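Following: one structure in structure tokens, then a few remarks.
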Amino acid sequence: MPPGADGTAGRHDDAVSTAAPDDKTEPAAEDVQVTGPALEPLPDHRFLNRELSWLDFNARVLALGEDQANPLLERAKFLAIFASNLDEFFMVRVAGLKRRMSTGLAVRSADGLTPREQLERISVRTRDLVERHARCFEDDVRAALEKHDIHIVRWEDVDPDDQHRLHRHFRDQVFPLLTPLAVDPAHPFPYISGLSLNLAVVVRDPEGGPERFARVKVPNNVPRFVTVGDDTFLPLDDLIAAHLNQLFPGMNVVEHHLFRVTRNADLEVEEDRDEDLLQALERELARRRFGPAVRLEVTDSMSEHILELLMRELGVTGNDVQRVPGLLDLSSLWQLYDLDRPELKFPPFVPATHPRFAEGETPKSVFATLREGDVLVHHPYDSFSTSVQRFVEQAAADPNVLAIKQTLYRTSGDSPIVDALIDAAEAGKQVVVLVEIKARFDEQANIKWARALERAGCHVVYGLMGLKTHCKTSLVVRQEGGRLRRYAHVGTGNYNPKTARLYEDFGLFTANEDVCADITDLFNTLTGYSRQTGYRSLMVAPHGVRAGIVDRIEREIAHVRAGQPGLVQIKVNSIVDEEIIDALYRASRAGVRIDMLVRGICALRPGVPGLSANIRVRSIVGRFLEHSRVLRFGNGEDEEFWLGSADLMHRNLDRRVEAMVQVTDDDAEAQLRRVLDLGFADDVTCWELDGGGTWHRHTGTRDLQVELMRRRVPKADA
């Protein structure tokens, strides 16, 4: 298990972590010693529930689908994202709570709830959200689509000529894919794969006898919507239902209903030091398909006796059932979003090449640029392809580059980064790639990339025992004259050109010797054996990030007690870690101003008198996924900025290798300061959290993302 940094800049080999590697025990807030006047102990009910907070985040996504100010197909897209998000929530978070409850692990959450109590509250909350989601589509978005000549029709609404053509389509393109499975003493109830759409069919012999149950799986390798005419679509399940007599010839179809099962997909890889990690993961991936059911979605028209049969056979209870009005599985709305209807989408935005990397028609050497100073890029506003991708591609093609070291957590199906690394290896360069094969839901893709890299001659490391490698780092070693010079990139997002157009992230390019030496040490820890415990310019988890952040919060408390102003600004996806939250509470009580931009989960209660009156929490959910992690401490000469891969959650701080880098370049600091100041401006549209855990929408005169896009567009084109 690799040691982390103590988070203190300027110290290296003499830094020693005070935490045992496997010690997960957090000190109670009242046991943490803070110099200065004694304060009342922090109250027991000071944390919000993380699962319910995540559902609040997905409700904010749903609100974008409900917002009639957004373009129509963008609204459909947000409804699809909401559906996909909820699927993953059940596959991972609900599945984890159920597993704990079934094994008797009644560990309470930070807000004092048992797994059973959390599941009960989740059930109530999700029923409300699912109803709201379905009604938004059925009563609002679908009707608006109709007005723009985009139609989703039922079979009975299709005219006879189109029905005739669809008969042929069913016969030639769908019927051969279908396999009706009967359920009777000779045919046990079939396995229902997770997230598949299925028809529950009841048939009866016209000559008499009991009703029989059968299941027909809707193929998931063909489009959900069948084209009827120009921008007119029929759900595939509707087409199959209209032809059930061909699947059960000679039988009477009594009734049919659509249903969908969500299964536990949270991998638990038993890592044995004597077993190949890749083999262990592949074995667990095979098991994932057969995880227990955690949710059953059915149409609101399903009869009670069919529902009871499904619940019995799938082993779910009434709390696990969601009756959905209208169309089941709205994640399929992505198919509609792909329509060529630009007038119903956000205006196109083309990322700009960062000014430091732009030089007429010929791309400027990234290495020459970095010798002049650091460069901070902000995606998607700054182009990924002309910055991060170009960095790796130029390194692969440069004969003076001797080595490239790279981490890969998630990348795209056609990855130019991977292609460049393969080219570099085939050109004889030393290429080391750490591919995290335990990246959830990307395991198969990452195994594929790892093997392709190995075949090309790259040195591939599959991650570390007991930890996920989540840091986003790249290192290039170049021969320059009589010396070797190193260049590095540290980012907040994945090396993925597709998500770089949709996710908001920062990346720091640098030739700073201390940072590059730190990243060299980090790679040596990841690929070999190392007891490194301190870094010059990095905070590294699993030990150093939490300690480094708490130390800096305590420094702000000391500033205030010395009569100086104190400031902490944090931009993250999620904050759950109790030790950091308690440090922020102590800082608030001491008079430190604390601003937080939290896109997703927030377990902290802001604005509570006597506890967090100096803390405000905002969330910005919009066209791009706010994904960067940025920290700012102090507003005087000692001001520090940090960015990196770590969210403030137990999994990031205790069970992952994460890296946060200090930003010291004046221009880069000014850029981060401008973005944070804009995010906390009074006139910016956002969501604001109150001390009771309720989010309130604040509509301002400016949109953060629109403002940042505008700043990247030449004035003549704005």
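Just a few scattered comments:
- Hits in the stretch 536-550 - residues which are open to solvent by 10 Å² or more (accessible area, probe 1.4 Å) and touching a helix residue (DSSP H, G or I) at 6+ places or on another chain (Cβ under 7 Å): Arg536, Ser537, Arg546, Val550
- Near pairs, Cβ below 9 angstrom, 6+ apart or cross-chain, from the stretch 76-92 (under 14 Å from Gln335 (Cβ atoms) and free of Cβ contacts under 8 Å to residues at least 12 places away in the same chain) to any residue that is in a helix (DSSP H, G or I) and of a type outside the set (A, V, I, L, M): none
- Residues (of a type in the set (A, V, I, L, M) and assigned to a strand (DSSP E or B)) located in the stretch 437-484: Val460, Val461, Leu464, Leu467, Leu475, Val476, Val477, Leu484
- Residue within the stretch 657-675 that is farther than 28 Å from Arg552 by Cα, assigned to a loop (DSSP other than H, G, I, E, B) and touching an Asp or Glu at 6+ places or on another chain (Cβ under 9 Å) present: no
- Segments classed as strands (runs of 3 or more DSSP E), wholly inside the stretch 150-263, with at least 1 members that are out of contact with any Lys or Arg (no Cβ under 8 Å at 6 or more places or on another chain): 211-217, 225-229, 232-235, 252-263
- Of the residues in the stretch 170-181, not one is touching a Ser or Thr at 6+ places or on another chain (Cβ under 9 Å) and surrounded by 14 or more Cβ atoms within 10 Å (Cβ to Cβ).
- Any chance Val254 is at pLDDT 95 or above and open to solvent by 40 Å² or more (accessible area, probe 1.4 Å): yes
- The lone exception for Pro416 - which of (1) farther than 19 Å from Cys471 by Cβ; (2) touching a residue at least 12 places away in the same chain (Cβ under 8 Å); (3) open to solvent by 40 Å² or more (accessible area, probe 1.4 Å); (4) within 23 Å of the chain's Cα centre (by Cα) it fails: (3)
Okay, residues lined up against (1) buried (at least 23 other Cβ atoms within 10 Å of the Cβ); (2) of a type outside the set (Gly, Ala, Ser); (3) farther than 30 Å from Gln406 by Cβ; (4) free of Cβ contacts under 8 Å to residues at least 24 places away in the same chain:
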| residue | (1), (2), (3), (4) |
| --- | --- |
| Thr527 | no, yes, no, no |
| Glu554 | no, yes, yes, no |
| Ala558 | no, no, yes, no |
| Ser588 | yes, no, yes, no |
| Ile601 | yes, yes, no, no |
| Val608 | no, yes, yes, no |
| Ala613 | no, no, yes, no |
| His627 | no, yes, no, no |
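- Residue pairs whose Cβ atoms lie under 6 Å apart, sitting 6 or more positions apart in sequence or on different chains, and linking a residue in the stretch 192-208 that is on the phi < 0 side of the Ramachandran plot to a partner that is open to solvent by 40 Å² or more (accessible area, probe 1.4 Å) and among the aliphatic types (A, V, I, L, M), are Val202/Val254; Val203/Met251; Val203/Val253; Arg204/Val254.
- Test: residue in the stretch 700-715 that is in a strand (DSSP E or B) and either of a type in the set (D, E, K, R) or crowded, with 17+ Cβ neighbours inside 10 Å (or both): yes
- When Thr473 is tested against (1) over 17 Å from Thr520 (Cα atoms); (2) in contact (Cβ under 8 Å) with a residue 24 or more places away in the chain, only condition (1) is not met.
- Residues being crowded, with 19+ Cβ neighbours inside 10 Å, farther than 25 Å from Asn446 by Cα and in contact (Cβ under 8 Å) with a residue 60 or more places away in the chain - total across the stretch 484-495: 1
- Among the residues of the stretch 496-522, those identified as in a helix (DSSP H, G or I), touching a residue at least 40 places away in the same chain (Cβ under 8 Å) and surrounded by fewer than 22 Cβ atoms within 10 Å (Cβ to Cβ) are Thr499, Arg501, Cys516, Thr520.
- Within the stretch 236-251, at least one residue is buried (at least 16 other Cβ atoms within 10 Å of the Cβ) and of a type in the set (D, E, K, R).
- Residue check, Phe384 open to solvent by 30 Å² or more (accessible area, probe 1.4 Å) and of a type outside the set (S, T, N, Q): no
- Within the stretch 43-89, the set of residues being aliphatic (A, V, I, L, M), surrounded by fewer than 19 Cβ atoms within 10 Å (Cβ to Cβ) and outside any helix (DSSP H, G or I) comprises just one member, Ala69.
- Some residue of the stretch 118-131 being in contact with a strand residue (DSSP E or B) (Cβ under 6 Å, 6 or more places away or on another chain), closer than 20 Å to Thr299 by Cα and either small (Gly, Ala, Ser) or outside any helix (DSSP H, G or I) (or both): no
- Residue that is most open to solvent (accessible area, probe 1.4 Å) [pool: residues in the stretch 362-376 that are touching a strand residue (DSSP E or B) at 6+ places or on another chain (Cβ under 9 Å) and either of a type in the set (Phe, Trp, Tyr) or not in a loop (DSSP other than H, G, I, E, B) (or both)]: Arg371
The values are calculated or read from the model by the stated rules, or taken from the named source; none is laboratory data. Model, not experiment: these values are computed from the prediction. Don't worry about glycine lacking a Cβ; one is built from the backbone with ideal geometry, like all the others, and counts go over all protein chains shown. Ligands, DNA and RNA are excluded from the accessible area calculation, which covers all protein heavy atoms including side chains. Shrake-Rupley method; radii C 1.70, N 1.55, O 1.52, S 1.80 Å.
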